[in-house]
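Working notes for the structure below.
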Amino acid sequence: MSRSIPLPFSPARTARPTRRAALAAGLLLSLTACTGPGDDEAGTTAPPQDEPVGDGLTLADPWVKAAEEGMTSSFGTLRNDSGRDLVLIGVSTPASSMVELHETSSDGSGGMSMAEKEGGFPLPAGGELVLEPGGDHIMLMDLAAPLLPGDEVELTLLFEDGTEHAYTATVKDFAGAQEHYEPEDGTGSGASDGGGHEGHDHSDHGGEE
């Protein structure tokens, strides 16, 4: 009758799986450390966080189109969770001696034209104001210095009720399109409208081509 003979105890034989498990765990930790806190499993970067600008207002992805001189535009999505209706009537910045709020609309011939927004942009409680290339935007004219990609620009929102809220926007490269300013007489000629818009096509507004 055969008997089972126990094998001698071998520390090396029993320790090998433990070392392999430790190596595998170490590799997993290394891979996890290489993934940033804003990255998902596919390695993509999480969207930028909203920037609080005070009093229940947040601004998503504030940025300014890079420009070496002349004029450019600022964008972002402003959300109003203050619980009251607001009206954005202006913006100030040390980067520009003249800032205007502009709205963009179809010119009736397949193109886009823009004009200064009379009375400012209404921002109802719980609502959003989308400022984007090819749409409504903040226009910076007579730049004080070149705005290069990676620079940061300080801007201040001015509201009808007298409140002001400052924020910082990042300068980014962006290929803009051709838009033209609609003067008050409606001729679309690009002549001066009394606000410093002398014969230009506003290609720095960042509209999509």
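Things to note:
- Residues of the range 143-159 with amide N under 17 Å of a point placed 7 Å along Cα→Cβ from ASP85: 159
- Amide H to amide H, with H built 1.01 Å from N, ASP107 comes under 5 Å of MET112, SER113, counting only residues 5 or more places away or on other chains.
- Calculated FRET efficiency, SER105 to THR168, Cβ-Cβ distance, R0 = 30 Å: about 0.50 to the nearest 0.05.
- 14 Å beta-carbon shell around THR163, net charge (K/R +1, D/E -1): -4
- Per-pair calculated FRET efficiency, R0 = 25 Å: GLU68 and THR156 via Cβ, rounded to 0.05: 0.60
No value in this document is a laboratory result; all are computed from the given coordinates. All figures in this text were calculated on a predicted structure; none of them were measured in a lab. Positions of Cβ are generated from backbone atoms using ideal geometry, with glycine treated the same way; all protein chains shown enter the neighbour counts.
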